[in-house]
Amino acid sequence: MSKNSKTTAAPKSNRPSSYSKLTYIQKVSRINRKLRTGDITSIAESTEYSTTHVSDVLSGKYFNDRIVNKAYDVTRGRVSNAVKLSSFSA
């Protein structure tokens with residue numbers, strides 16, 4: 001082997017071997033469980049779509065990966081509304 005030959009190894013991933021991506025429908029479902037007041041407006045502003053279109057996409061009327069991915073980023077890490085409400089009644 002010469003000095004100039006390089007071995008290209010695949011980059012290491014931190015994901016577990018059992019990792020699988022969420023489907024579009026699973027993402028929308030998780031987003032809707034965690035949406036808060038004002039989220040649709042902020043998603044619309046950052047994606048440059050109208051609030052009506054963003055709302056229609058998140059309700060399932062239309063498909064738009066860019067809007068769904070931005071909404072998922074906004075709601076990631078939040079506790080769902082049902083869990084949040086159940087903590088008040090306990």
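The values are calculated or read from the model by the stated rules, or taken from the named source; none is laboratory data. All of these numbers come straight from a predicted model, not from anything done at the bench. Neighbour counts are summed over all protein chains in view; Cβ atoms, including those assigned to glycine, are modelled from backbone coordinates with ideal geometry.
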Worksheet item: Looking only at the range 9-59, which residues are under 14 Å from ASP73 (Cα atoms), part of a loop (DSSP other than H, G, I, E, B) and not basic (Lys, Arg)?
Response: LEU22, LEU35
Practice prompt. For TYR62, indicate whether it is modelled with pLDDT of 95 or more, surrounded by 14 or more Cβ atoms within 10 Å (Cβ to Cβ) and of a type in the set (Phe, Trp, Tyr).
Written response: no
